[in-house]
1. Just wondering, is there one or more residues in region 76-91 that are without any contact (Cβ under 8 Å) to a residue 60 or more places away in the chain and within 22 Å of PRO187 (Cβ to Cβ)?
2. Out of all the residues in region 136-193, which are basic (Lys, Arg) and either out of contact with any Gly (no Cβ under 9 Å at 6 or more places or on another chain) or surrounded by fewer than 20 Cβ atoms within 10 Å (Cβ to Cβ) (or both)?
3. Can you tell me which residue is farthest from PRO41 (Cα to Cα) among those in region 68-84 that are assigned to a loop (DSSP other than H, G, I, E, B) and within 18 Å of the chain's Cα centre (by Cα)?
4. What single numbered condition from (1) of a type in the set (Asp, Glu); (2) under 19 Å from THR40 (Cα atoms); (3) surrounded by fewer than 16 Cβ atoms within 10 Å (Cβ to Cβ) fails to hold for ASP133?
5. Can you name every residue in region 116-130 that is free of Cβ contacts under 8 Å to residues at least 60 places away in the same chain and either crowded, with 16+ Cβ neighbours inside 10 Å or not acidic (Asp, Glu) (or both)?
6. Tell me, yes or no, whether region 103-110 has at least one residue that is in contact (Cβ under 8 Å) with a residue 60 or more places away in the chain, under 18 Å from THR36 (Cβ atoms) and of a type in the set (A, V, I, L, M).
7. State the number of residues belonging to region 117-154 that are among the charged types (D, E, K, R) and closer than 24 Å to ALA175 by Cα.
Amino acid sequence: MKKTLLFTPLAMLLGASLAHANSGNMAFEGRINAATCIVTPGAGAGGGAGNIAVDLGTVALTDVGSGSTIGSGSSSFSLNVNCADGVAGLDTVHMSFDPRSGSGMDPDAPALLQIANAGAAESAVGVGIGLFDATDTLLALNANGVITAPLTVDGAGAGTATMQVKAGYMFNTVASPRGGAADGVLPFTLKYE
């Protein structure tokens with residue numbers, strides 16, 4: 001009997017709190033795009049469709065950027081977006097990034113891409129890879145930074161865009177940086193509007 005008496009007040013308290021719960025609605029908006037677009041390397045980049053290779057070269061620690069200022073050892077490149085069809089009525093392309101599916105966000109400066117194999121004896125220490133837009137503004141990878149470009153669409157619904165990008169090594173907050181291998185991988189996704 002005591003168990004029942006103890007349970008009853010508890011059930012009443014739980015029931016009372018549930019009776020005062022708030023409710024609401026979620027509204028989802030979106031659009032399914034039939035675009036068949038590919039990204040190919042432009043000036044300053046190599047690789048092939050969907051797999052862009054950017055050579056950051058061998059950079060002296062004195063040429064590495066800091067804060068949000070790109071260093072003199074950066075590389076400029078362009079990316080060509082070519083859509084065979086499906087973009088009629090659209091005028092903008094956005095490139096967003098997923099560092100967590102690549103080499104990761106730099107744990108000491110999350111706006112930067114982490115060096116692949118960080119912590120390995122042959123890897124650089126105290127640097128990450130910064131990605132910059134055409135105005136030399138650092139894209140904060142931890143804050144969903146995007147690159148945006150106008151999309152030129154022809155009468156048949158095909159479209160093209162050119163995205164101007166810079167990348168360079170940036171100091172993170174580690175006190176004693178050192179040279180070494182400094183590669184990285186950064187997956188991207190295109191969105192159109």
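1. So far as region 76-91 goes, no, none of its residues is without any contact (Cβ under 8 Å) to a residue 60 or more places away in the chain and within 22 Å of PRO187 (Cβ to Cβ).
2. ARG178, LYS191
3. Residue satisfying both the conditions and the ranking: SER68.
4. Of the numbered conditions (1) of a type in the set (Asp, Glu); (2) under 19 Å from THR40 (Cα atoms); (3) surrounded by fewer than 16 Cβ atoms within 10 Å (Cβ to Cβ), the odd one out for ASP133 is (3).
5. ALA118, GLY119, ALA121, SER123, ALA124, VAL125, GLY126, GLY128
6. Within region 103-110, not a single residue is in contact (Cβ under 8 Å) with a residue 60 or more places away in the chain, under 18 Å from THR36 (Cβ atoms) and of a type in the set (A, V, I, L, M).
7. Qualifying residue count for the region: 1.
Yes or no, residue by residue, for (1) surrounded by 13 or more Cβ atoms within 10 Å (Cβ to Cβ); (2) over 21 Å from the mean Cα position of the chain (by Cα); (3) modelled with pLDDT under 90:
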site	(1), (2), (3)
ALA19	no, yes, yes
ASN22	no, yes, yes
ARG31	no, yes, yes
ALA45	yes, no, no
THR58	no, yes, no
THR62	no, yes, no
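The values are calculated or read from the model by the stated rules, or taken from the named source; none is laboratory data. These figures come from a predicted structure and were not determined experimentally. Note that we place each Cβ from the backbone using ideal geometry, even for glycine, and neighbour counts take in every protein chain shown.
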